[in-house]
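As structure tokens, the structure follows; a few thoughts come after it.
The values are calculated or read from the model by the stated rules, or taken from the named source; none is laboratory data. Since this is a predicted model, take the numbers as computed values, not measurements. Every residue, glycine as well, gets a Cβ built from its backbone with ideal geometry; the counts of neighbours run over all protein chains shown.
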Amino acid sequence: MKLKARGTQNEGIPTASMADIAFLLIIFFMVTINFEVDKATVALPKSGLRFEIPKKSAYISVTSNGVIRVSSGEEISVPVPGPENVLSFAVDVVANNPGKAFVLKADKDVPYRYVDGVIDALKQARAEVIYLLSEQETVDGEDGGSG
Amino acid sequence: MKIKRDTISEEIPTSSMADIAFLLIIYFMVTTTFAATRGLDFSLPKEEQDNTPLVDKEESVLIEIQPGGTLIVDGQPKPLNTILDYLKPKLERNPRKPVIIRPNQEAEYGYMVAVFDELRQAKEKIGIEVKNVSIPTQREIEMFWY
């Protein structure tokens, strides 16, 4: 009587589905990726209250040395010479979309006069909502004003 | 004599697919930046609210922010965490008591956010909302401050 050969065990790790898994991960990254329209590096102020900013909001960033960059939310931000250029930019954005939110991404250490110029330009342009971009305040974090 | 013929495989070679896919994953992982997408909202008066009455300086609470973060509340220096206690009795008498934040032009922006954030948290901290907060700009101060 002939004996059947024993089932031979494959010693290799099955890698046939590796590509499928990898592509699933790629799709996950592609769906969740959030393209930043403003790449300016700023140290954001901290706040206890934070609200979700609507997507495609217009961005105005102010770096610690006072460089102002603007983006309508559709394209990468570009530097502008001063607050008067922010006014013309904001007027244009509001004319195209009156309810559009503006995000102010300013460095916590920048002198207030730069931010004041930007807020004033937004007020004059009749912007309705401004978001002050911030980081979550933590228990051991600095809380801003001192005595 | 036997002649060997080259056999051409009919399948698309997929053995390197996983390598390519993992390279793409590494690219996405390296280039992904987690952007901050939250902040404090700050509503501005709408066009139709242009006839908003001017706030009488004497009726309002004035919070001045000095460079370095010193806060002067109605002329008195106060720490940030005592502002709401100072405001509480005033808000109990008048829930629409105007509060004006006036940062010095050279004060750091972070302190303005800290004060604004503290006022926005009044409901949770002292049980009364600060409904009427204004941050006039330098141009508005020069035009309307008297």
State which residue is farthest from B:Ala21 (Cα to Cα) when the search covers only the range A:10-47 and only residues that are facing chain B (nearest Cβ under 7 Å) and not in a loop (DSSP other than H, G, I, E, B).
-> A:Ser47
Within the range A:57-70, is even one residue touching a Lys or Arg at 6+ places or on another chain (Cβ under 7 Å), free of Cβ contacts under 8 Å to residues at least 12 places away in the same chain and within 11 Å of chain B (Cβ to nearest Cβ)?
-> no
The one condition A:Ser88 fails out of (1) more than 8 Å from chain B (Cβ to nearest Cβ); (2) at pLDDT 90 or above; (3) farther than 13 Å from A:Ile60 by Cβ is (3)
Among the residues of the range A:92-135, the number that are of a type in the set (Val, Ile, Thr) and either touching a Gly at 6+ places or on another chain (Cβ under 9 Å) or within 12 Å of A:Ala58 (Cα to Cα) (or both) is 6
Could you check how many residues of the range A:48-90 are assigned to a strand (DSSP E or B), under 13 Å from the mean Cα position of the chain (by Cα) and among the charged types (D, E, K, R)?
-> 1
